[in-house]
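The structure under discussion appears below in the form of structure tokens.
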Amino acid sequence: MSQSIESVLTEKRVFKPSREFSKQAKIKNFAEYKKLYDESIKNPEKFWGKQAAELLWNKKWTKVLDWKAPFAKWFVGGKLNVSENCLDRHLNGPRRNKAAIIWEGEPGEKRTLTYHQLHREVCIFANILKRNGVKKGDRVLIYLPHIPEAAIAMLACTRIGAIHTVVFGGFSAESIKDRLADSGATCVVTADGSYRRGQAVTLKQNVDRALEGNTAVKRVIVFRRANMDIHITEGRDVWWHREADYVTADCPPVPLDSEHPLFILYTSGSTGKPKGILHTTGGYLLGSLLTTKYVFDIREEDIYWCTADVGWITGHSYVVYGPLALGATSLMYEGAPNWPQSDRFWDIIARYGVNIFYTAPTAIRSFIKWGDEWPAKHDLSSLRLLGTVGEPINPEAWMWFYEKIGGGRCPISDTWWQTETGAHMITPIPGATPLKPGTATLPFFGIDAAIVDDNGKEVGPNEGGKLVIRKPWPSMLRTIYGDKARYKKQYWSEVKGCYFTGDGARRDKDGYFWIVGRIDDVLNVAGHRLGTAEVESALVAHEAVAEAAVVGRPDEIKGQGVVAFVTLKTGIKATEDLSEKLRKHVGAVIGPIAKPDEIRFAEALPKTRSGKIMRRLLKQIAAGNAVTGDTTTLEDFSVLAKLRASDE
Ligand code: ATP
Ligand code: MG
């Protein structure tokens, strides 16, 4: 039986950056990228050491890397402070009064915080934390809506060396409870409530429930966002705005060791129980800063919008730390993309004149489903660059994004990376890299990515295999919090000497990386190993299909049969005839072997709160089994119930 994944998708369209775009870009052509990349791989320590000068150090490091595999220390002996890098260093020049954060609430309120104002708010909140007993090294759990206070609370933690763990505001009491227990947090920062699709939803109440029986948490600091009645537990709960009356705005940043823990963030939980990923100060900040600079190619006057919530790694690295370290203007929007109607995002882009727009394939597929008339109503001509992250983007969704949103003039940075990697790993450099729809293209500077077979040997062009990283990089995770053994086993035992990503991929003849799906989801049909992403992309390329998730189920003859869960575009009816057409369509696009044995039409697919399809649940449903395993990160339980009901 073949070991590696056979590749089936052939995507031949190539889009070169326009001369106009390249001319103004930081990296202006492919040769320039290639030269810098080759140098960075030949001597990574020299490269990273040189790049580290982009940060403000209180004390310079003495050694770039101390690597006792699989444990890394970067910029050994160096001292710095993240909030000082993101705020203070922009205050002595023209950026002082530049917008750091532009925020819009779902109900429509607008706020702008200049670097000066943000700095002031962060200092005040850092003093509030201190006043409430939070010390260097303590864990602070942040459970807030997508409001500037989330960034303020994160930065305030970094100012005093507290370790934050942000929990997405849409998560339940149960999820908070798990993360409190795992991180050992002693302080929680939350709000009374938040807004979602016009409704005020409670947050503080979830914290109260999560804290039942918890003795570790000494303080809950509550921001007033939604004017809700909440229960205050005397001696434990305090209001943010009241505390602010007791402190000054003077809070010098604490110089911290380069390897001081910065935050713990739990992964999305697409493949199992979320893992508490630990990132540290110097390396993480360098990774997020450099990628923001080169991958988004932000100019001083740009309005940059990453739609991710701060509860995800994308929000950490590309709403808060990367853009602010760079001195950019980062836009935040609190609510749903279809509130009050399906053009909220396009309306925001037009009103603020957004130049760079970074979102997820799941959102793009929703936009397509809602119809082209929504973006068509708005002037999107301010956009210069687009980006995606989270899942493989199906080539048809890429094309739609490129044409309907980017007007055929904006390069798309399809960025492959993980909570664990801290920053972009495989991504186009927009002024330099010719693009092909559906591929994250080539590795970022200093990233030694490869595809290997089960024996750890690099595979040839278009042969699929495991995606690994062969050298440590500064923004890599340092461990799974409190569980070194699991860290070693999960990431460093599968392929000797390499970081194993868990993803399956192939490289085409130009060396471009195509993510074909999670390695555990690879289908094995009559001895052929197929990635899920390729079959799904073929389905999404059909005009009737909005979204597809493909899983294997046990099959006596073929080993595995292919089951496709499919949602249709608005107004299209699910019929036997359509099902047959889709099967034939897949057969025609990628070959008879990939033809689904069964197509199941669904109203919606089970997703994580960050919008990733949870194939492991669909696999269980397809096999007729009960759904087991961690479902705390599932977005909507009714989706699962409906899928199961249609099964009976
Ligand atoms: P868990 O590790 O708990 O199962 P998760 O892997 O979904 O959750 P994240 O760290 O949020 O948690 O997601 C990283 C994964 O997302 C990658 O391993 C990859 O599978 C997928 N991914 C992210 N960006 C891209 C992209 N541009 N192209 C293809 N896949 C992507
Ligand atoms: Mg993962």
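Residues that are free of Cβ contacts under 8 Å to residues at least 60 places away in the same chain and within 30 Å of Leu383 (Cβ to Cβ) were ranked within the stretch 244-299; the one that is farthest from the chain's Cα centre (by Cα) is Ile298. Any residue at all in the stretch 625-645 that is surrounded by fewer than 19 Cβ atoms within 10 Å (Cβ to Cβ) and over 30 Å from the mean Cα position of the chain (by Cα)? Yes, the stretch 625-645 has at least one match.
Look through Arg518, Arg478 and report the one residue that is away from ligand 1 (no atom under 15 Å from the Cβ), in contact (Cβ under 8 Å) with a residue 12 or more places away in the chain and within 20 Å of the chain's Cα centre (by Cα). Show your work before the answer.
Details: Arg518 fails: away from ligand 1 (no atom under 15 Å from the Cβ).
So the residue among Arg518, Arg478 that is away from ligand 1 (no atom under 15 Å from the Cβ), in contact (Cβ under 8 Å) with a residue 12 or more places away in the chain and within 20 Å of the chain's Cα centre (by Cα) is Arg478.
Within the stretch 195-202, none of the residues are assigned to a helix (DSSP H, G or I), open to solvent by 60 Å² or more (accessible area, probe 1.4 Å) and out of contact with any Asp or Glu (no Cβ under 7 Å at 6 or more places or on another chain).
Given the residues Pro461, Pro443, which is the only one that is more than 15 Å from ligand 2 (Cβ to nearest atom) and buried (at least 20 other Cβ atoms within 10 Å of the Cβ)? It would help to see each step written out before you state the result.
Numbers: Pro461 fails: buried (at least 20 other Cβ atoms within 10 Å of the Cβ).
When all the criteria are applied, what remains is Pro443.
For Asp636, indicate whether it is more than 16 Å from Phe565 (Cβ to Cβ) and among the charged types (D, E, K, R). Answer is no for this residue.
Looking only at the stretch 405-435, which residues are among the charged types (D, E, K, R) and in contact with a Pro (Cβ under 9 Å, 6 or more places away or on another chain)? Reasoning before the result, please.
Taking the stretch 405-435 as the starting set, the residues that turn out to be among the charged types (D, E, K, R) are 409, 414, 420.
Within the stretch 405-435, just Asp414 meets the criteria.
Taking the stretch 1-30 only, how many residues are aliphatic (A, V, I, L, M), more than 18 Å from Gly446 (Cβ to Cβ) and modelled with pLDDT of 95 or more?
Summing the residues that are aliphatic (A, V, I, L, M), more than 18 Å from Gly446 (Cβ to Cβ) and modelled with pLDDT of 95 or more in the stretch 1-30 gives 2.
Checked across the stretch 552-564, the condition of being open to solvent by less than 50 Å² (accessible area, probe 1.4 Å), over 32 Å from the mean Cα position of the chain (by Cα) and farther than 21 Å from Arg529 by Cα holds for no residue. A search for C-beta distances below 9 Å between a residue of the stretch 22-41 that is open to solvent by less than 50 Å² (accessible area, probe 1.4 Å) and any residue that is of a type in the set (S, T, N, Q), counting only pairs 6+ apart in sequence or on different chains, returns Ser22/Asn29; Ile27/Thr433; Tyr33/Thr433; Ser40/Gln51.
Would you check which residues across the stretch 567-600 are outside any helix (DSSP H, G or I), among the polar types (S, T, N, Q) and farther than 16 Å from Ser537 by Cβ and list them? Write out each step before concluding.
Initially, the stretch 567-600 is screened for residues outside any helix (DSSP H, G or I), giving 567-575, 591, 595-600.
Subset that is among the polar types (S, T, N, Q): 567, 570, 575.
Once the filter is applied, which keeps residues that are outside any helix (DSSP H, G or I), among the polar types (S, T, N, Q) and farther than 16 Å from Ser537 by Cβ, the stretch 567-600 yields Thr570, Thr575.
For the stretch 375-386, indicate whether the set of residues that are buried (at least 18 other Cβ atoms within 10 Å of the Cβ), modelled with pLDDT of 95 or more, under 20 Å from Thr439 (Cα atoms) and within 16 Å of ligand 2 (Cβ to nearest atom) is non-empty. Looking for residues that are buried (at least 18 other Cβ atoms within 10 Å of the Cβ), modelled with pLDDT of 95 or more, under 20 Å from Thr439 (Cα atoms) and within 16 Å of ligand 2 (Cβ to nearest atom), one finds none in the stretch 375-386, hence no.
Being open to solvent by less than 10 Å² (accessible area, probe 1.4 Å), of a type in the set (Ser, Thr, Tyr) and away from ligand 2 (no atom under 15 Å from the Cβ) is the filter here, so list the residues in the stretch 474-505 that pass it. First the steps, then the outcome.
Going residue by residue through the stretch 474-505, those that are open to solvent by less than 10 Å² (accessible area, probe 1.4 Å) are 474-477, 480, 487, 491, 495, 499, 504-505.
Checking which are of a type in the set (Ser, Thr, Tyr) leaves us with 475, 487, 491, 499.
Residue satisfying the conditions is Ser475 alone.
Test Ile221 against the criterion of being of a type in the set (A, V, I, L, M), assigned to a loop (DSSP other than H, G, I, E, B) and at negative phi, and give yes or no. Answer is no for this residue. For beta carbons closer than 9 Å, sequence separation of 6+ or different chains, a first residue in the stretch 325-352 that is on the phi > 0 side of the Ramachandran plot and a second that is surrounded by fewer than 21 Cβ atoms within 10 Å (Cβ to Cβ) and among the charged types (D, E, K, R), the qualifying pairs are Gly327/Arg89; Gly327/Arg95; Gly327/Lys98; Gly327/Glu300. Note on the stretch 396-434: residues that are open to solvent by 10 Å² or more (accessible area, probe 1.4 Å), more than 22 Å from Ala350 (Cα to Cα) and more than 9 Å from ligand 1 (Cβ to nearest atom) total 2. Within the stretch 206-216, the set of residues being surrounded by 19 or more Cβ atoms within 10 Å (Cβ to Cβ) and part of a loop (DSSP other than H, G, I, E, B) comprises just one member, Leu211.
If you go through the stretch 73-88 one residue at a time, how many are open to solvent by 10 Å² or more (accessible area, probe 1.4 Å) and not charged (D, E, K, R)?
In the first step, residues of the stretch 73-88 are kept if they are open to solvent by 10 Å² or more (accessible area, probe 1.4 Å); the result is 73, 76-77, 79, 84, 88.
Going one step further and asking which of them are not charged (D, E, K, R), we end up with 76-77.
Within the stretch 73-88, residues that are open to solvent by 10 Å² or more (accessible area, probe 1.4 Å) and not charged (D, E, K, R) number 2.
Residues that are over 22 Å from Pro107 (Cβ atoms), open to solvent by 10 Å² or more (accessible area, probe 1.4 Å) and not in a loop (DSSP other than H, G, I, E, B) do not occur anywhere in the stretch 338-359.
Among the conditions (1) among the hydrophobic types (A, V, I, L, M, F, W, C); (2) over 30 Å from Leu56 (Cβ atoms); (3) touching a residue at least 24 places away in the same chain (Cβ under 8 Å), Val189 misses just one, which is (2).
With respect to the numbered conditions (1) in contact (Cβ under 8 Å) with a residue 24 or more places away in the chain; (2) buried (at least 16 other Cβ atoms within 10 Å of the Cβ); (3) under 30 Å from Gly497 (Cα atoms), which one is the sole condition not fulfilled by Val64? Only one criterion in (1) in contact (Cβ under 8 Å) with a residue 24 or more places away in the chain; (2) buried (at least 16 other Cβ atoms within 10 Å of the Cβ); (3) under 30 Å from Gly497 (Cα atoms) is unmet by Val64, namely (1). Among the residues of the stretch 481-494, those that are within 15 Å of ligand 1 (Cβ to nearest atom) and of a type outside the set (Ser, Thr, Tyr) comprise Asp483, Arg486, Lys489, Gln490, Glu494.
The values are calculated or read from the model by the stated rules, or taken from the named source; none is laboratory data. Values in this document were obtained by computation on a predicted structure and should not be read as measured data. Please note: Cβ atoms are built from the backbone with ideal geometry, for glycine as well, and neighbour counts cover all protein chains shown. All accessible areas refer to the heavy atoms of the entire protein, side chains included, with ligands and DNA or RNA removed. Shrake-Rupley method; radii C 1.70, N 1.55, O 1.52, S 1.80 Å.
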